[in-house]
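The values are calculated or read from the model by the stated rules, or taken from the named source; none is laboratory data. Fair warning: this is a prediction, and the values are worked out from it, not measured in the lab. Virtual Cβ from ideal backbone geometry, glycine too; neighbours counted across all protein chains shown. Accessible surface areas use protein heavy atoms only, side chains included; no ligands, DNA or RNA. Shrake-Rupley method; radii C 1.70, N 1.55, O 1.52, S 1.80 Å.
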Amino acid sequence: MAKVDTSSSRPYHIIIFGASGFTGQFVVEEVARIVSEGPNGTLKWAVAGRSRQKLDKVLEQAAGALGKPELRTAVEVIVADVGEPDSLAAMCKQAVIVLNCVGPYRFWGEPVVKACVENSAHCIDICGEPQFLESMQLNYNSQAADKGVYIVGACGFDSIPADMGVLYTREQFKGTLTAVESFLTASTGPEGGSINDGTWKSAIYGFADSGELRSLRKKFGHKPLPVVGSKIKRRSALFYSNEVQQYAVPFMGADPSVVKRSQRFLLEEHQETPVQYGAYAGVGGVANIVKMLFAGMMFWFLVKFDFGRNLLIKVGPSKGYTDGQDPSQGRPNAKIRTLVQGPEAGYVATPIAMVQAAITILNEPTALPKKGGVYTPGAAFARTTLVERLNKHGIQFSVI
């Protein structure tokens, strides 16, 4: 059985590891904003990383940005380094949950997962790298189960909006939902978009290692998920989408991998009908297509969508069968469209999603899976109020 111990046995509910990094500093600010949402209205937290000087600077910046001068002295600083296992172990022993912001995860993520599992700390990351996420499930799921530890990956822009969006859509659908297509679009502010070095490296290596991911998946020995109802049709590599009124391409991020893993868990653990899933991203008009061809689809897509952009995912058209209609007979006879809408994806929506995932674990332990393990957001939070929490913090789920 997994256990979330919020008593005094561990000094901190949350430790933000990599707090001085590009994303980590925004996570620090988000945690500082929501301390009243912790267990019994308080949240005990600390920051961790390689450099005490840099961590002090992050707290100084957060204190100024939020008008909370107490952050300069009230938040503990812990020195820990992914290259020093003893320092990671010492950090993990002090935390109920470690928020791991140190990427690229394929290089720096496993030592943190290992230390968390061995020292019984739950772990949340914001990884968007399918190879890392799936390899952690393959290598650490049984150990995490034995220790009663939750390791929940992809708890940022990748892939909470898509994964929880599919579950939200199924919840709102009156009948048996069998297929979902999502379309990511984004709008930019006056400052345009930018991308940090860690995200850029993650994209490059993820794109290069797609062959390794295929061989990794064979090791699970999974049978194909059963197809309920009509099989979803694959769209072409570039097509005009009536749903978002612009050209679209298949989405190259972690969402398809994460959603499929969630659907497999919900089928195996709760006997829920698996939902087929296709993910696409709008790329704009003809002028953008020309740019994309010159720049290379992956890297143009990253610059266009990852950071400096507002998030908008249309989950739909989603198809299924109304109550009383047999999915094995004929085509779907009902549709639903849902919308997941939020602020700038990289440095606003991602910290909100990550922190609310942690708050959900702390406050709703009985709604989580009974066993520890390496989970997707959908698997971990399917029975929780995470969507409602996100709605209150500006990442909004709705039927349109």
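Tabulated values for the structure
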item: Computed label-point distance, nm, for sites GLN61 and GLN271 using a 7 Å Cα→Cβ extension; result: 5.2 nm
item: Net charge, LYS392 excluded, C-beta distance under 14 Å - Lys, Arg +1, Asp, Glu -1; result: -1
item: Lone cysteines, the chain (no partner Cβ under 4.7 Å); result: CYS92, CYS101, CYS127, CYS155
item: P(r) of the chain over all Cα-Cα pairs, binned every 20 Å from zero, in whole percent; result: 28, 59, 13, 0
item: Gain upon complete extension [LYS54, ALA237; 0.36 nm per residue less C-alpha separation]; result: 61.5 nm
item: Between the stretch 58-74 and the stretch 348-381, the Cα center-to-center distance that results, in Å; result: 27 Å
item: Cα gyration tensor shape of the stretch 1-120, rounded if a/c is under 1.5, else prolate or oblate by comparing a/b with b/c; result: oblate
item: Placed amide H near THR178: partners under 5 Å, 5+ positions off or other chain; result: LYS319, GLY320, TYR321
item: Greater than 22 Å apart at Cα, pairs in LYS335/LYS392; LYS44/LYS93; LYS174/LYS319; LYS291/LYS319; LYS93/LYS371; result: LYS335/LYS392; LYS291/LYS319
item: Accessible carbon and sulfur surface of the chain relative to its total accessible area, %, 1.4 Å; result: 51 percent
item: Cα shape, the stretch 45-95, gyration tensor, a/c 1.5 rule; result: prolate
item: 1.4 Å probe accessible area per residue over the chain, in Å²; result: 44 Å²
item: Within the chain, helix-based [θ] at 222 nm, where runs of 4 or more DSSP H residues each add -39,500 (n - 2.57), nearest 500; result: -12000 deg cm²/dmol
